[in-house]
Amino acid sequence: MMRTLVELIAAKRDGHALTEAEIHHFVGAFIAGTLTDYQMTAFLMAVFFRGLDDAETVALTEAMLHSGSVVDLSRVAGTKVDKHSTGGVGDKVSICLAPLVAACGVPVPMVVGRGLGHTGGTVDKLEAIPGFRTDLTTVEFARIVGEVGTCIIGPNQEIAPADRLMYALRDVTGTVESIPLIVASILSKKLAEGIDGLVLDVKVGGGAFMKNETSARELASKLVAVGTRAGKQVVAWLTRMDAPLGVAVGNANEVREALGVLRGEGPADLVECTLTLGAEMLVLGRKASDAAQAMAILRKALADGSAARVMEKMIEAQSGNARVVERPSLIDVADCVVDVNAPRDGFITSVDAHEIGLVAVAMGAGRTRADGVIDPGVGLAIDAKPGRSVNQGQRVARLFVRERAVGEALAQRVAGAFRYGDVATPSPPLAFARITAEHVYRSCNADVMMGHRTQ
C-alpha cells in the first residue's frame, strides 16, 4: 500500500530509501499541486542531509524528466550534442560555445537555468540582450535548432517542469549542494532536449558547488553513469573554479565578454574552457576524429566569423537585437563605476570566487528569494587575476552599480576577496580531469552506478 506524502517525507528524513513508484508519486503530486511548496522544501532538506542512493537518484531523474515532454529533434540532421556546467562565478561559456559548435556543423539544443545561489544563470544573462526570449515552446525550440543549428531556452511548462519548480526552491532554501539533486536536475532537463550526446563541465573549487576534487569526481561519475544508462554519449571534464572565470561577473557584462570570444577576443581562461568543451562536442558529434582536429576546426570558425554569424542568427530567431554581436555596448551595463585598488605591491595569489559571487548577488545580479527580480546591468570586472603583478594603488577590480553608495559599501568585500604575496604562484591547469563511461565502469560496480539494486 502506497505511503502518504507526509510519510514519504518522514521516511527520507529518517534516512530510509523510497521506491521508484513512491518517488514518481511524490513528484507527480508536486506537479499536480497536491504537494505544497513547503512540503517539497522539507523533502529537499531531508535529501540534502540524508542523500539518495543510486536507484533513488535514477528514479527522481526519470520522474522529473517525465513531468513534461521530450523534444522531438528527429528531423534535425546530425548528432545533437549539448553541454552543461554545474555552475561557477563568471561562467558564461554556454553563450559563446553553443553558436561556435553549431557553426562547425554539430546541432546544439540547449536548455539552461536561472541563477542558483552565488552563481549566475545563462537564462538571466541572455535576457540582458534587448528583446531576447528564452521562454519558447518546444515546437519553436525544435524549429530554431533545425534552421540555425542551435537554440538556448529556459525550462518551461513542457520541458521538465518539476525541475523548474524545484530549482527555484533549492536556490533560496540552502539545498543546492546535494549531489543527487544536482544529478536529477541536470539530466532531467538534458534528456528532455532530444540530444544524442552531452559534455559536462563539473566545476570544483571555492566558487563552485563542489568544493573539493573528491566530491566533484563523485558528481561527474554519477552524471556520466546515469546519462549513459539513458542511452546517451556522455563525457565530463573537471575544471577549476577558485577564481572567477574570465573577467566579467554579472549578467550584461558577461554577455558582452562572451560575444568578445566569438569575435576572436576574450580572456585566455574563458577561451581555453570554451575550446576544451567544444572539442569534446565536435568529437561526439562526429565532426572531428580527435581533440586536436576539433580544436583546429573551432579556431577556424572563430577566425572566419562563422561562429559570430550563427550567434546573430540565433539572437534574431529568438526575437533579440542581433546587432549586439558587433556592438555589445547596446547591452546596458550600469554606468556608475567604483574601483578597488591594490593595497600593496606584489602578486595576486588568489581571488575568492565565492565571495565575488555573493557580492554580485548583493548588488542585485542574483536572487535571494524565488520571486526576486534581478538587475541585469550590475556586476563586476576582475581586472587582476591570480599570478598578476600589481603596484600599490593599481586597480584590481571594478563594480558597476546604479548608486555609488552601494558600490562603495560592497567594494570593501571585493577588496577582501583578493590575497597578495611577494612571489608569483604558478597557475594549475584549468581543465584537469576527463571522465568517461569507461572510467566509471572500471572504478565502480556497474550495477550500483547504473542505479540497479542487486538482489
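None of the figures in this text is laboratory data; all of them are computed from the coordinates on show. In this text the structure is predicted, and so the values were computed from the model without any measurement. All Cβ positions, glycine included, derive from the backbone under ideal geometry; neighbour counts span all protein chains shown.
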Exercise. Along Cα→Cβ, 7 Å out, is where each label goes; now give me the distance between the ones at A415 and S389 in nm to one decimal.
Key: 2.5 nm
Practice problem: Quick one: compute the contact order of segment 5-51, relative version, from alpha carbon pairs under 8 angstrom and 6+ residues apart, as a percent. | Solution: 51 percent
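Provide the net charge surrounding P155, with neighbours chosen by a C-beta distance below 10 Å and charges set as Lys +1, Arg +1, Asp -1, Glu -1.
Around P155, the surrounding residues sum to 0.
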Quiz item: Under Stokes-Einstein, with the Kirkwood radius over Cα pairs standing in for Rh, what whole-number D in µm²/s applies to segment 193-258 at 20 °C and 1.002 mPa s?
Solution: 161 µm²/s
Practice problem: Report the net charge of residues surrounding P107, where surrounding means a beta-carbon distance below 10 angstrom and charges are Lys +1, Arg +1, Asp -1, Glu -1. | Solution: -1
Practice problem: Please work out the Cα center distance from segment 110-141 to segment 232-298, rounded to the nearest Å. | Solution: 19 Å
Quiz item: Is any residue of segment 105-144 close enough, with backbone N under 19 Å, to a label point placed 7 angstrom from the Cα of T368 along the Cα-Cβ axis, and if so, which?
Solution: 115-121
Self-check item: q = 0.14 Å⁻¹, segment 118-163: log10 I(q)/I(0) [Debye, one scatterer per Cα]
Solution: -0.37
Practice problem: Report the FRET efficiency, 1/(1 + (r/R0)^6), for V70 and R309, where r is their Cβ-Cβ distance and R0 is 22 Å, rounded to 0.05. | Solution: 0.15
Quiz item: According to a simple spin-label model (label point 7 Å from Cα along Cα-to-Cβ), what is the distance in nm between R327 and T36?
Solution: 5.2 nm
Quiz item: To the nearest µm²/s, what D does Stokes-Einstein give for segment 5-51 at 25 °C and 0.890 mPa s, using the Kirkwood radius over alpha carbon pairs as Rh?
Solution: 234 µm²/s
Quiz item: Which value, in Å³ per residue, describes the convex hull spanned by the Cα atoms of segment 1-143?
Solution: 158 Å³
Quiz item: How many angstrom separate the Cα center of segment 377-446 from the Cα center of segment 212-227?
Solution: 23 Å
Quiz item: If each Cα of segment 265-316 is one equal point scatterer, what is log10 of I(q)/I(0) from the Debye formula at q = 0.19, 0.30, 0.31 Å⁻¹?
Solution: -0.67, -1.13, -1.14
Exercise. Give the relative contact order (percent, whole number) for the chain; include only Cα pairs under 8 Å separated by 6+ residues.
Key: 19 percent
Self-check item: Hydrodynamic radius of segment 320-408 per Kirkwood, over alpha carbon pairs, in Å
Solution: 14.7 Å
Quiz item: Residues with beta-carbon under 13 Å from that of C273, excluding C273: net charge, scoring Lys, Arg +1 and Asp, Glu -1?
Solution: -2
Quiz item: If all Cα-Cα distances of the chain are sorted into 10 Å bins from 0 onward, what percent lands in each bin, rounded to whole numbers?
Solution: 4, 21, 31, 27, 13, 3, 0, 0
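Enter the per residue convex hull volume of segment 121-214, computed from alpha-carbon coordinates, in Å³ rounded to the nearest integer.
Normalising the Cα hull of segment 121-214 by residue number yields 129 Å³.
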Quiz prompt | segment 292-332, Rg to Rh (Cα coordinates; Rh as Kirkwood inverse mean 1/r) | solution = 1.11
